[in-house]
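The values are calculated or read from the model by the stated rules, or taken from the named source; none is laboratory data. Not measured: the values here are computed from a predicted model. Neighbour counts are summed over all protein chains in view; Cβ atoms, including those assigned to glycine, are modelled from backbone coordinates with ideal geometry.
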Amino acid sequence: MIESLLVANRGEIARRIIRTARRLGIRAIAVHSEADAGLPFVTEADEAVCVGPANPAQSYRNVEAILAAAKSTGAQAVHPGYGFLSENAEFARTVEASGLIWIGPGADAITAMGDKINARNLMAAAGVPVAPGTTDPAADLDAAVAAAAEIGYPVMVKAAAGGGGMGMGVATDEAALRSEYDKVRSFAERMFGDGSVLIERYFPRVRHVEVQILGLADGRVVALGERECSVQRRNQKLVEESPSPAVSPELRERILAAAVRAGEAVGYRNAGTVECLLVPRERDSEGDGPGSEEFYFLEMNTRLQVEHPVTELVYGVDLVEEQLRVAAGLAPTFDPDALAPRGHAIELRVNAEDPKRFLPGPGVIKTWVEPTGEGVRVDSGYVEGNTVTPFYDSLMAKLIVNGATRAEAIERARAAVAAFELSGPKNNLPFFAELLENQEFLSGDYDTGIVSRMR
């Protein structure tokens, strides 16, 4: 097993990785910005190095400073967490070229999946369903208009190099397409340094379901079930649950098999996620449903996901430990041929944002009392007295609950939300209290438009 690990991230995910490292007897090394010096992940690490000022470009995305920290502390491996440099293929190559172990998929897999058009084409060739769309970037507006006419409106205009719900627009006709194309291309050039645009069929009512995959050290790729991620605002997730209430046993078998093929197509190693769109089946005259008839590949996230804890609770695994074992060339802690889910888990992302418009609301945390009890887990990045700054993502904590059934998990989530004492920054706990009483959510028959319908 690896003996020392540098965590190239911050907040709750850094703290969560450090927790597993220390449980395994691995020396945990944190890097942090000047703004984060007082956060728990820094004090809980065995060693910590300041790598720059608050600006992420000068700290958490500062490759030179991070590698210098790894060298000065004698780190053996680097875990990138999620966000920042986690899906930067050049960083992965540089880490390995420096003689360090990279905790993640190979740089070639990151590159292959980093471009949405290339990823779509690879998946189609591997027999993974993809939505109707362009196989090459729409080089200009005329090409985009021609592609949309062939695909059929409405269409989604996407930045090929985008991610995290950013760089997308919907066009219901040619006039809208002309406007959205320029917006998305300009945004993509500014944010990602690549203005390539993909035109894809847009489905007005969809569910967002993803599959957790793990590429093992022996070359096999296994799937650890699916997660439902349809509760979103601005195309970004707020709630995840596993298993999905929309997925039947027959559909589960198909979607998990497709995810494994996706991983095998790029020789995937370590943890990753295959994201899919599910087009819900309309209820018939008997009122049967919910369900889905079609699913399409959306993208592959070549890293550990924010929502990985729901899979951990349902499958009884520690995905960070499994990542470390794969990187060290070791077998998993579980039997890949006997994976079986148990119960139901739900994750709520507790953000420093107002619960109505979801606008950021950073500030000093005056009260922070986490809920406890059976089936309750909190992965947090802050404690009372810390300051949530405007420099980074608004995520403060993840409230995760599990139970024998979905109904039991929801009951525990209600109690945990009510028991979470949090004041200072704005927070979205009141939204979760509302959601957990919403009949559409309770029925399990919801889609990505649920939050807008609540607002």
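Summary table below
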item: Of residues in the stretch 47-91 being of a type in the set (S, T, N, Q) and assigned to a loop (DSSP other than H, G, I, E, B), the one surrounded by the fewest Cβ atoms within 10 Å (Cβ to Cβ); result: 55
item: Matching option when the condition is under 18 Å from residue 338 (Cβ atoms), crowded, with 24+ Cβ neighbours inside 10 Å, under 18 Å from the mean Cα position of the chain (by Cα) and hydrophobic (A, V, I, L, M, F, W, C), among 256, 224; result: 224
item: Pair list, Cβ under 7 Å, 6 or more apart: the stretch 338-351 residue among the small types (Gly, Ala, Ser), other residue assigned to a strand (DSSP E or B) and surrounded by fewer than 23 Cβ atoms within 10 Å (Cβ to Cβ); result: 343/403
item: Subset of the stretch 148-185 that is aliphatic (A, V, I, L, M) and within 17 Å of residue 115 (Cβ to Cβ) - its residue that is nearest to the chain's Cα centre (by Cα); result: 166
item: Residue among 231, 247, 170, 197 that alone is buried (at least 23 other Cβ atoms within 10 Å of the Cβ) and outside the structural domain of residue 434 (by TED's automatic domain parsing); result: 197
item: Any hit, the stretch 136-145, residues being aliphatic (A, V, I, L, M) and under 25 Å from the mean Cα position of the chain (by Cα); result: no
item: Matching residues, the stretch 124-153, being of a type in the set (A, V, I, L, M, F, W, C) and farther than 21 Å from residue 172 by Cβ; result: 124, 125, 126, 128, 130, 139
item: Test for residue 431: is it touching a Pro at 6+ places or on another chain (Cβ under 7 Å) and part of a helix (DSSP H, G or I); result: yes
item: Residue 353 within 23 Å of residue 17 (Cβ to Cβ) and in contact with a strand residue (DSSP E or B) (Cβ under 8 Å, 6 or more places away or on another chain); result: no
item: Selection within the stretch 194-211 - in contact with an Asp or Glu (Cβ under 6 Å, 6 or more places away or on another chain) and either assigned to a strand (DSSP E or B) or over 19 Å from residue 446 (Cα atoms) (or both); result: 195, 207, 209, 210, 211
item: Residue ID - surrounded by the fewest Cβ atoms within 10 Å (Cβ to Cβ), chosen from residues in the stretch 25-34 that are on the phi < 0 side of the Ramachandran plot and outside any strand (DSSP E or B); result: 34
item: Odd one out for residue 309 among (1) more than 25 Å from residue 14 (Cα to Cα); (2) surrounded by 19 or more Cβ atoms within 10 Å (Cβ to Cβ); result: (1)
item: Pair list, Cβ < 7 Å and 6+ apart or interchain, from the stretch 35-46 residues that are touching a residue at least 24 places away in the same chain (Cβ under 8 Å) and exposed (fewer than 15 other Cβ atoms within 10 Å of the Cβ) to residues that are polar (S, T, N, Q) and not in a helix (DSSP H, G or I); result: 38/386
item: Yes/no for residue 422 being surrounded by 15 or more Cβ atoms within 10 Å (Cβ to Cβ) and either under 21 Å from the mean Cα position of the chain (by Cα) or farther than 24 Å from residue 14 by Cβ (or both); result: no
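Okay, residues lined up against (1) surrounded by fewer than 23 Cβ atoms within 10 Å (Cβ to Cβ); (2) touching a helix residue (DSSP H, G or I) at 6+ places or on another chain (Cβ under 6 Å); (3) among the β-branched types (Val, Ile, Thr); (4) not assigned by TED's automatic domain parsing to the domain that holds residue 157:
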| residue | (1), (2), (3), (4) |
| --- | --- |
| 189 | yes, no, no, no |
| 193 | yes, no, no, no |
| 215 | no, yes, no, yes |
| 219 | yes, no, no, yes |
